[in-house]
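The structure appears right after this line, and notes come after that.
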Amino acid sequence: MFMDFSILFLNDVKIILPELFLVTSILSLVIHGVLLVASPKYNYPLINKSISWLSILILLWTLFLLYNNPISFRIIFNKTFIYDDLTTFSQSIILISSVACLAISQEYIKSYHLNSYEYYLLVLLAVLGLMLLTSSYDLISAYLAIEMQSLSFYALAAFKRKSAFSTEAGLKYFILGAFSSGLILFGSSLIYGFTGVTNFDHMYCLLNEALWGLNNSHHEHFFELYSYNSALIMANAFLAVGFLFKLAAAPFHMWAPDVYEGAPTSSTSIFAVVPKMAVFVLFARIFQNSFFSDIYWWQSIIIFCAISSVLIGSLVTLKQRKIKRLIAYSAISHVGYLLIAFSLGTFMGLQSLFFYILIYMITGICIWSIIMSVELQSDPSRNISDLSLLVKANPILAITLSIALFSLAGVPPLAGFYAKIQVFLASIESCLYFIAIIGILSSVISTFYYIRIIKTVYFEKVSVWHFYQPISQINSITLGVSFLLIIFLFLSPNLFGLWAYKMTAALV
């Protein structure tokens, strides 16, 4: 029996080898950590640093296995997972960004005594869930992958057990995350109840057949087909709202600022950078592929949330004084631009979506690296005023922060400008001029609070000087690479443009 299984799914096992390696490595780290930390022979050692480097090494080996897969396209395990260019590139981006986040978090975790090695295991489990999410081709596997990464994120948000803020952040994240997961599960159950399938490919065939029957049916069958299609539209709405909760898009954004503020900064950087790619990939597989025939129904929901996100993210941020909350509302605004590109339903819109995510993740790594590099010796940086006269203490860090903020604002000649202009051009090409105008005006408004941070860094007058810790070598390397990419990708965006093109082509 085992021989028959191995022969039948031989190619499937080869394709999913990176995930299998990651699972095996996580289990090995669990055993290694338990035996070593609980050992009186070694005087109960702290193994955070070694587990950190082992986690980075595991992610790099997973990336190596991913790129050395001999099979370029296949739907595996009875259409439960799909392996294509979209899966390959999105998993690569998730692994690279996770390595960067772990690298810049090492000194922070050491300074604030997060001495439990389980922190890195939770990060690896979240990465595993995100990798499975990008390759999911069935509602059941997608839901299980969402729950795997969500449960890891809840624990990461509440990892400072002695901090009331961290505990509150984890509890809020858990309650609202569980609610959004319930919406996704309810929408999935509606789809299964009315169609009898959960596979994305089967849903595509059934929905197109139902739409064709609705347009060509006789009067005696019209009401039955119309009710069938209406039920699926309701299921679309539940799925869309659940995913919009996960993305922290307005008006479902209320959890993001509190979670960003209360969670450890190392965890916040992971929440802000890593998961957006995976959620948008699954979002695109379901709505741009399986439910594309109902685009006129779900497009209105996405457009409403996109406009709400860019307006709320831009206007509410004007009153923020705390760094993490400001970045949280800024992230909500950028999710709005991503939803604008997603709502278009065109090839150019999806290409601009994936390109924008790539640029945003690089810029986010740069900014979070700076934030964790300028943590004060006595207390973490909480207010914008904590960055006052950073130019005097570290001029190179100040100019790097300024360039990264200008890129987020979309100021040329930086990569952020190229990403935003692609979204606006795609909107204009789809004749959605009103959305393009709102996006441009919101981008102008958002420039104000980015410039306010730069003004604080260079020109704020203070009576008390702030002294910053030296930047670690790994932070310097990560910061330098991301900074150079922000500049280089405006001059030559062809590489990332080609990645975005191949990811989009896998959906159509």
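The values are calculated or read from the model by the stated rules, or taken from the named source; none is laboratory data. Please read all numbers here as calculations on a predicted model, not as lab measurements. Neighbour counts run over all protein chains shown; Cβ positions are idealised from the backbone, glycine included.
Which of the residues spanning the stretch 315-332 are charged (D, E, K, R) and either at positive phi or surrounded by fewer than 19 Cβ atoms within 10 Å (Cβ to Cβ) (or both)?
First pass over the stretch 315-332, keeping only residues charged (D, E, K, R): 319, 321-322, 324-325.
Selection gives 319, 321, 322.
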Study note, to complete from the structure: By residue number, the members of the stretch 185-200 that are among the small types (Gly, Ala, Ser), surrounded by 15 or more Cβ atoms within 10 Å (Cβ to Cβ) and not in a helix (DSSP H, G or I) are none
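For residue 140, are the conditions met, namely being under 23 Å from residue 22 (Cα atoms) and either in contact with a Phe, Trp or Tyr (Cβ under 6 Å, 6 or more places away or on another chain) or modelled with pLDDT of 90 or more (or both)? So that I can check it myself, show each step before the final result.
Values: under 23 Å from residue 22 (Cα atoms): yes; either in contact with a Phe, Trp or Tyr (Cβ under 6 Å, 6 or more places away or on another chain) or modelled with pLDDT of 90 or more (or both): yes.
Yes: the conditions hold for residue 140.
Can you confirm whether residue 104 is among the β-branched types (Val, Ile, Thr) and within 20 Å of the chain's Cα centre (by Cα)?
When the stated conditions are applied, residue 104 passes them.
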Practice item. Output the number of the condition that residue 155 fails; it satisfies all remaining conditions of (1) of a type outside the set (S, T, N, Q); (2) closer than 29 Å to residue 33 by Cβ; (3) buried (at least 18 other Cβ atoms within 10 Å of the Cβ); (4) touching a residue at least 40 places away in the same chain (Cβ under 8 Å). Key: (4)
Point to revise | In the stretch 379-400, the residues that are at pLDDT below 90, in a helix (DSSP H, G or I) and out of contact with any Phe, Trp or Tyr (no Cβ under 6 Å at 6 or more places or on another chain) | key: 384, 385, 386, 387, 390, 392, 395, 396, 397, 398
Check your understanding: Quick check: anything in the stretch 220-242 modelled with pLDDT of 90 or more, aromatic (Phe, Trp, Tyr) and assigned to a helix (DSSP H, G or I)?
Key -> yes
Exercise for review: Evaluate the following for residue 167: is it buried (at least 19 other Cβ atoms within 10 Å of the Cβ) and in a helix (DSSP H, G or I)?
Suggested key: no
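Please go through the stretch 402-416 and pick out each residue that is hydrophobic (A, V, I, L, M, F, W, C) and without any contact (Cβ under 8 Å) to a residue 60 or more places away in the chain. Explain how you work it out, then say what you get.
Taking the stretch 402-416 and keeping what is hydrophobic (A, V, I, L, M, F, W, C), we get 403-406, 408-409, 411, 414-415.
Matches in the stretch 402-416: 405, 406, 409, 411.
So if I check each of 307, 270, 301, which one is of a type in the set (A, V, I, L, M), modelled with pLDDT under 90, touching a helix residue (DSSP H, G or I) at 6+ places or on another chain (Cβ under 6 Å) and part of a helix (DSSP H, G or I)?
Working: 307 fails: modelled with pLDDT under 90; 270 fails: modelled with pLDDT under 90.
Among 307, 270, 301, only 301 is of a type in the set (A, V, I, L, M), modelled with pLDDT under 90, touching a helix residue (DSSP H, G or I) at 6+ places or on another chain (Cβ under 6 Å) and part of a helix (DSSP H, G or I).
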Check your understanding: So which residues in the stretch 284-314 are charged (D, E, K, R) and crowded, with 20+ Cβ neighbours inside 10 Å, if there are any at all?
Key -> 285
Check your understanding: Any chance the stretch 432-444 includes a residue that's over 20 Å from residue 344 (Cβ atoms), in contact with a Gly (Cβ under 7 Å, 6 or more places away or on another chain) and assigned to a helix (DSSP H, G or I)?
Key -> no
Practice item. Restrict the check to the stretch 314-321 and report whether at least one residue is within 27 Å of residue 287 (Cβ to Cβ) and touching a residue at least 12 places away in the same chain (Cβ under 8 Å). Key: yes
Check your understanding: Quick one: in the stretch 49-82, which of the residues that are aromatic (Phe, Trp, Tyr) and at pLDDT below 90 is farthest from the chain's Cα centre (by Cα)?
Key -> 77
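Looking at the stretch 99-114, can you tell me whether even one residue there is surrounded by fewer than 18 Cβ atoms within 10 Å (Cβ to Cβ), out of contact with any strand residue (DSSP E or B) (no Cβ under 9 Å at 6 or more places or on another chain) and of a type outside the set (Ser, Thr, Tyr)? Before you say what the answer is, go through the steps one by one.
Here is the first cut: in the stretch 99-114, the residues surrounded by fewer than 18 Cβ atoms within 10 Å (Cβ to Cβ) are 110-113.
Cutting the leftovers down to out of contact with any strand residue (DSSP E or B) (no Cβ under 9 Å at 6 or more places or on another chain) gives us 110-113.
Now narrow it down to the ones that are of a type outside the set (Ser, Thr, Tyr): 110, 113.
Checked the stretch 99-114: at least one residue is surrounded by fewer than 18 Cβ atoms within 10 Å (Cβ to Cβ), out of contact with any strand residue (DSSP E or B) (no Cβ under 9 Å at 6 or more places or on another chain) and of a type outside the set (Ser, Thr, Tyr).
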Point to revise | Among (1) without any contact (Cβ under 8 Å) to a residue 60 or more places away in the chain; (2) more than 30 Å from residue 202 (Cα to Cα); (3) among the small types (Gly, Ala, Ser) - the single one residue 105 does not satisfy | key: (1)
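With the condition kept exactly as written, say whether any residue in the stretch 399-412 is of a type in the set (Ser, Thr, Tyr) and under 21 Å from the mean Cα position of the chain (by Cα). Before the answer, list the steps.
The first filter runs over the stretch 399-412 and keeps only residues of a type in the set (Ser, Thr, Tyr), leaving 400, 402, 407.
Imposing the further condition that a residue be under 21 Å from the mean Cα position of the chain (by Cα) reduces the set to 407.
Scanning the stretch 399-412, I find at least one residue that is of a type in the set (Ser, Thr, Tyr) and under 21 Å from the mean Cα position of the chain (by Cα), so the answer is yes.
Please pick out the residue among 30, 34 that is at pLDDT 90 or above, β-branched (Val, Ile, Thr) and part of a helix (DSSP H, G or I). Let's see the steps before the verdict.
Working: 34 fails: at pLDDT 90 or above.
After applying the criteria, what remains is 30.
Quick test for you: out of 482, 427, pick the one residue that is surrounded by 21 or more Cβ atoms within 10 Å (Cβ to Cβ), farther than 22 Å from residue 366 by Cα and of a type outside the set (Asp, Glu). Lay out the reasoning, then the answer.
On the way: 482 fails: farther than 22 Å from residue 366 by Cα.
Answer to the check: 427.
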